[in-house]
Every structure is written in structure tokens, then in C-alpha cells.
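Below you'll find the structure, written out as C-alpha cells, and then a few comments.
The values are calculated or read from the model by the stated rules, or taken from the named source; none is laboratory data. Quick caveat, the model's predicted, so the values are computed rather than measured. We place every Cβ from the backbone using ideal geometry, glycine too, and count neighbours over all the protein chains shown. Heavy atoms of the whole protein, side chains included, go into the accessibility calculation; ligands, DNA and RNA do not. Shrake-Rupley method; radii C 1.70, N 1.55, O 1.52, S 1.80 Å.
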Amino acid sequence: NLQLSQKKEAAKQCDCTLLDVENALAKFTWAKEVHKKMVKLKEEGKPMPKNFAKVQKLMGSTPLDLAKFNMVKSGEMSRNAPCPCGSKNRYKRCCGKDP
């Protein structure tokens, strides 16, 4: 759990955006959670997912979904901001749409 100032400094050092930093962190966090679930499946003797799409279905999200959610939750991105997926819609009308 990095502070916003640390994320901004990392973005500045890497010459990238805050979303890029959050995306990298989300990929790491997501991969750790996938690993935990895979170990649990193996221990229970259940079949392992055969491809990435099945892993995403098992997790119920993608790393980018997690990054966007974390940015909105922490206040780093407004629901009224342009969606980072590039659709030119506001986040709340695109990827942040409530189900």
C-alpha cells in the first residue's frame, strides 16, 4: 500500500502516468491473489485453469479492473474523469458503471 505521493514520485521517475504505476501495482497484487487461489485449487485436487481467460473468470476481474477500482477508491481518479480505457466517455459511464 503505497501512499499517493510515493506513486506520483514513481510515475515521475519512470516518466509514466499515475495509471501506469497503479496498473503495475495491480498486476502484482492480482498475480499474488491468483497464485493463492491456484495453490488452494491444487490442495483441494480441483482442476487448474487451462488458459488466461479461465484464470480471469476464476478471479472475476482483470489486473486493469483492479487498477481502475483502486484509483477511484483512493480518490486518485474522479468518477467524472475521462475513462482510462480510451473510450472518451466519463469513467462512471464506462468502466466504472455500477452493475
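If residue 15 satisfies every condition in (1) modelled with pLDDT under 85; (2) open to solvent by 100 Å² or more (accessible area, probe 1.4 Å); (3) acidic (Asp, Glu) but one, which is the exception?
Of everything listed in (1) modelled with pLDDT under 85; (2) open to solvent by 100 Å² or more (accessible area, probe 1.4 Å); (3) acidic (Asp, Glu), residue 15 misses just condition (1).
Pick out, from the range 1-65, the helices (runs of 4 or more DSSP H) lying fully within it that include 1 or more residues that are in contact with a Pro (Cβ under 8 Å, 6 or more places away or on another chain) and free of Cβ contacts under 8 Å to residues at least 40 places away in the same chain.
By residue number, 18-44, 52-59.
Go through the residues of the range 33-43 one by one and say whether even a single one is within 24 Å of residue 96 (Cβ to Cβ) and either open to solvent by 40 Å² or more (accessible area, probe 1.4 Å) or charged (D, E, K, R) (or both).
Yes, that holds for at least one residue.
Taking into account only those residues within the range 53-81 that are open to solvent by 80 Å² or more (accessible area, probe 1.4 Å) and modelled with pLDDT under 75, which is farthest from residue 25 (Cα to Cα)?
Step by step, filter the range 53-81, then rank; the result is 79.
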